[in-house]
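All remarks here apply to the structure that follows.
The values are calculated or read from the model by the stated rules, or taken from the named source; none is laboratory data. Just so you know, these numbers come straight off a predicted model, no measurement behind them. As a convention, Cβ positions derive from the backbone with ideal geometry for all residues, glycine included, and neighbour counts pool all protein chains shown. The area values use the complete protein model at the heavy-atom level, side chains included, leaving out ligands, DNA and RNA. Shrake-Rupley method; radii C 1.70, N 1.55, O 1.52, S 1.80 Å.
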Amino acid sequence: QVQLVESGGGLVQPGGSLRLSCAASGTIFSNNAMGWYRQAPGKQRELVASITSGRTTTYAGSVKGRFTISRDTAKNTVYLQMNSLKPEDTAVYYCRVAQSAYVYWGQGTQVTVSS
């Protein structure tokens with residue numbers, strides 16, 4: 001079993017920055033993929049960014065060049081640095097860990113970009 005605790009969401013003005021963190025605890029395998037998804041009101045949950053144990057990263061086209069995903073293996077933590085935020089980035093952001101045949105989700109953290 002894996003537990004995920006997210007932090008770092010909040011209200012920010014357009015053009016601002018936020019850093020999300022997700023700490024994983026429990027049975028963490030050395031080979032896994034950690035990532036961030038988001039869901040805006042009335043929309044489906046979508047991939048924002050993911051990173052594998054080998055540090056291979058994937059980004060949604062809408063955030064490429066503005067967001068950076070990273071991980072600290074020793075701390076079992078994944079980060080999402082979000083720069084140049086836009087109103088359309090407003091959503092609940094969820095941390096996700098996939099290992100073996102299992103997928104785990106965090107409880108979500110709200111990010112609101114508004115002036």
Next item on the list: Return the FRET efficiency for the residue pair residue 43, residue 75: r is the Cβ-Cβ distance, R0 is 30 Å, and the value is rounded to the nearest 0.05.
Entry: 0.45
Next item on the list: Sticking with the crude label model, points 7 Å out along Cα→Cβ, report the distance from residue 66 to residue 98 in nm, one decimal please.
Entry: 2.4
Checklist line | Eligible aspartates and glutamates near residue 86 by straight Cα distance, threshold 19 Å, same-chain separation 8 or greater | finding: 46
Item checked: Charge dipole magnitude, Cβ of K and R +1, D and E -1 - the chain, Cα centre, debye nearest 20 -> 160
Notebook entry, point to check: What are the ³J(HN,Hα) values, in whole Hz, obtained from phi via the Karplus relation 6.51 cos²θ - 1.76 cosθ + 1.60 with θ = phi - 60°, for each residue of region 103-115 in sequence order, with x given for Gly and Pro?
Noted result: 10, 10, 10, x, 7, x, 9, 7, 10, 10, 10, 7, 8
Notebook entry, point to check: What accessible area, in Å² to the nearest ten, does a 1.4 Å probe give for residue 47?
Noted result: 60
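Before I look further, what does region 1-59 give for accessible area per residue, probe 1.4 Å, in whole square angstrom?
Heavy-atom accessible area per residue stands at 56 Å².
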Notebook entry, point to check: With +1 on each Lys and Arg Cβ and -1 on each Asp and Glu Cβ, how big is the dipole of region 62-115 about its Cα centre, in debye rounded to the nearest 20?
Noted result: 120
Check: Cross-link partners among lysines for residue 75, C-alpha distance below 19 Å, same-chain residues fewer than 8 apart left out?
Finding: none
Notebook entry, point to check: Each residue of region 57-67 in turn: what ³J(HN,Hα) in whole Hz from Karplus with 6.51, -1.76, 1.60 and θ = phi - 60°, glycine and Pro shown as x?
Noted result: 10, 9, 10, 5, x, 6, 10, 4, x, 10, 10
